[in-house]
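These notes concern the structure reproduced below.
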Amino acid sequence: MGAITLKESYPVEAGDFSTAGEASGKIKRVLKKLGIDSAIVRRVAVAAYEVELNLVIHSMGGHMDLIVEPDYLQLNVHDRGPGIPDVDLAMREGYSTASDDVRTMGFGAGMGLPNMRRNANDFSIRSTVGVGTDIEMGFKL
Amino acid sequence: MTAQRILELLDGRLLLGELPEEEIHSACGSDMMSDVLAFPKERMVLLTGLTNAHVMRTCEMLDVLLVVFVRGKIPGPDVLAEAEKRDIVVMATPYTLYEACGRLYSNGLPSGVSTQEGRCGEWVQSH
Ligand SMILES: Nc1ncnc2c1ncn2[C@@H]1O[C@H](COP(=O)(O)OP(=O)(O)OP(=O)(O)O)[C@@H](O)[C@H]1O
Ligand SMILES: [Mg+2]
């Protein structure tokens, strides 16, 4: 494992649509500044944005941790519940429990989780109902 | 296709920024930001009827050069401020999403190849 070049944590508030996406925007700017390849920066930014919106829309809040090493980048996300009862179902394209309100804002297509998996080189999700959800994404640099 | 040509084909009105010099290579028309996020393309114009701040945040993530609001919709000053912060150029067109996309497509602006590996065009079962 290489030396850590950067480690940052970004809190995400539940239900706060006005600031949703700000953490991902910060992450994107940080990675750009580090001089990481723009195609990789975009993949990380998309995955970060999807997971951040999920925390805002579906969770009770949590945080996203960014760890950048010379040849690997990790985005570890934790939330405080409510957890996902059927993770396999949630991972399917088109599955969504989002409200009509959320849909009129342009989200709730059920594309977020599959899109994260597609963008990351490594993806894992663990969820316990009543406890919370952990998502770990890894990107080769 | 140049942004200038897009402005002409769409009888558009420039709402913010200066038309970019660089060629636009691809386009996406949608009101669903999560669909837009699923198929990122290079040097893209986004056509949409959605006029909230999340459009600009989505565009930031995808490095979208130009946003076109359809059906004569003019976004509020808060949304334009979000675009300005991110150096995104914004125009409006009187045409519907369907017609605006059709005008660009039939004049040679392709949908573009997704930078994501071969997923667009697969069947997706709704749940
Ligand atoms: N952090 C979370 N906590 C609880 N439930 C979640 C969480 N993330 C996702 N889910 C559940 O999984 C479903 C699928 O998530 P996914 O991100 O794929 O789609 P979506 O958020 O509904 O729509 P989209 O991402 O396309 O805007 C959600 O509708 C929700 O039921
Ligand atoms: Mg989602």
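Considering only segment A:93-126, how many residues are part of a helix (DSSP H, G or I), facing chain B (nearest Cβ under 8 Å) and aliphatic (A, V, I, L, M)?
0
All but one of (1) under 22 Å from A:ASN121 (Cβ atoms); (2) more than 12 Å from ligand 1 (Cβ to nearest atom) hold for A:TYR49, so report the exception by its number.
It fails just one condition, (2).
If you scan segment B:6-27, which residues turn out to be open to solvent by 30 Å² or more (accessible area, probe 1.4 Å), over 25 Å from A:ASN119 (Cβ atoms) and either within 16 Å of ligand 2 (Cβ to nearest atom) or part of a loop (DSSP other than H, G, I, E, B) (or both)?
B:ASP11, B:GLY17, B:GLU18, B:LEU19, B:GLU21, B:GLU23
Looking for whichever is at pLDDT below 95 and near ligand 1 (Cβ under 9 Å from one of its atoms) here; the options are A:VAL102, A:VAL77. Which one fits? Show your work before the answer.
On the way: A:VAL77 fails: at pLDDT below 95.
Selected residue: A:VAL102, the only one of A:VAL102, A:VAL77 that is at pLDDT below 95 and near ligand 1 (Cβ under 9 Å from one of its atoms).
Is one or more of the residues making up segment A:60-81 outside any strand (DSSP E or B) and either within 14 Å of another protein chain (Cβ to nearest Cβ) or under 22 Å from B:ALA53 (Cβ atoms) (or both)?
Taking segment A:60-81 and keeping what is outside any strand (DSSP E or B), we get A:60-61, A:69-71, A:80-81.
Subset that is either within 14 Å of another protein chain (Cβ to nearest Cβ) or under 22 Å from B:ALA53 (Cβ atoms) (or both): A:61.
Yes, that holds for at least one residue.
Give A:VAL131, A:VAL68, A:VAL51, A:VAL77 a once-over and let me know the one that is away from ligand 2 (no atom under 16 Å from the Cβ), among the β-branched types (Val, Ile, Thr) and crowded, with 21+ Cβ neighbours inside 10 Å.
Details: A:VAL131 fails: crowded, with 21+ Cβ neighbours inside 10 Å; A:VAL51 fails: away from ligand 2 (no atom under 16 Å from the Cβ); A:VAL77 fails: away from ligand 2 (no atom under 16 Å from the Cβ).
Among A:VAL131, A:VAL68, A:VAL51, A:VAL77, only A:VAL68 is away from ligand 2 (no atom under 16 Å from the Cβ), among the β-branched types (Val, Ile, Thr) and crowded, with 21+ Cβ neighbours inside 10 Å.
Could you please tell me which pairs satisfy a Cβ distance under 6 Å, a separation of 6+ or placement on different chains, a first residue in segment A:106-124 that is closer than 17 Å to B:CYS59 by Cα, and a second residue that is within 13 Å of ligand 2 (Cβ to nearest atom) and outside any helix (DSSP H, G or I)?
Taking only residues 6 or more apart or on different chains, the pairs are A:GLY106/B:MET32.
Go through segment A:96-114 residue by residue and tally those that are crowded, with 17+ Cβ neighbours inside 10 Å and among the acidic types (Asp, Glu). Step through it out loud before you land on a result.
Going residue by residue through segment A:96-114, those that are crowded, with 17+ Cβ neighbours inside 10 Å are A:96, A:98, A:102, A:105-114.
Next cut, among the acidic types (Asp, Glu) only: none.
Here the count works out to 0.
State which residue is farthest from the other protein chains (Cβ to nearest Cβ) when the search covers only segment B:28-73 and only residues that are surrounded by fewer than 21 Cβ atoms within 10 Å (Cβ to Cβ) and of a type in the set (Asp, Glu).
Within segment B:28-73, the match that is farthest from the other protein chains (Cβ to nearest Cβ) is B:GLU42.
Scan segment B:63-76 and give yes if some residue there is free of Cβ contacts under 8 Å to residues at least 24 places away in the same chain, touching a strand residue (DSSP E or B) at 6+ places or on another chain (Cβ under 9 Å) and either away from ligand 2 (no atom under 16 Å from the Cβ) or under 29 Å from A:ASP37 (Cβ atoms) (or both), otherwise no.
Yes: segment B:63-76 contains one or more residues that are free of Cβ contacts under 8 Å to residues at least 24 places away in the same chain, touching a strand residue (DSSP E or B) at 6+ places or on another chain (Cβ under 9 Å) and either away from ligand 2 (no atom under 16 Å from the Cβ) or under 29 Å from A:ASP37 (Cβ atoms) (or both).
Taking the conditions exactly as written (touching a residue at least 24 places away in the same chain (Cβ under 8 Å), away from every other protein chain (no Cβ under 11 Å) and part of a helix (DSSP H, G or I)), does A:VAL30 satisfy them or not?
Working: touching a residue at least 24 places away in the same chain (Cβ under 8 Å): yes; away from every other protein chain (no Cβ under 11 Å): yes; part of a helix (DSSP H, G or I): yes.
Taking the combined requirement at face value, the residue satisfies it.
Kindly list the number of the only condition in (1) more than 16 Å from ligand 2 (Cβ to nearest atom); (2) away from chain B (no Cβ under 14 Å); (3) open to solvent by 10 Å² or more (accessible area, probe 1.4 Å) that fails for A:GLY138.
Evaluating A:GLY138 over (1) more than 16 Å from ligand 2 (Cβ to nearest atom); (2) away from chain B (no Cβ under 14 Å); (3) open to solvent by 10 Å² or more (accessible area, probe 1.4 Å) leaves (3) as the failure.
The values are calculated or read from the model by the stated rules, or taken from the named source; none is laboratory data. What you are looking at is a predicted structure, and each value in this text was computed from that prediction instead of being measured. Heads up, the Cβs are rebuilt from the backbone with ideal geometry, glycines too, and the neighbour counts pull from every protein chain shown. All accessible areas refer to the heavy atoms of the entire protein, side chains included, with ligands and DNA or RNA removed. Shrake-Rupley method; radii C 1.70, N 1.55, O 1.52, S 1.80 Å.
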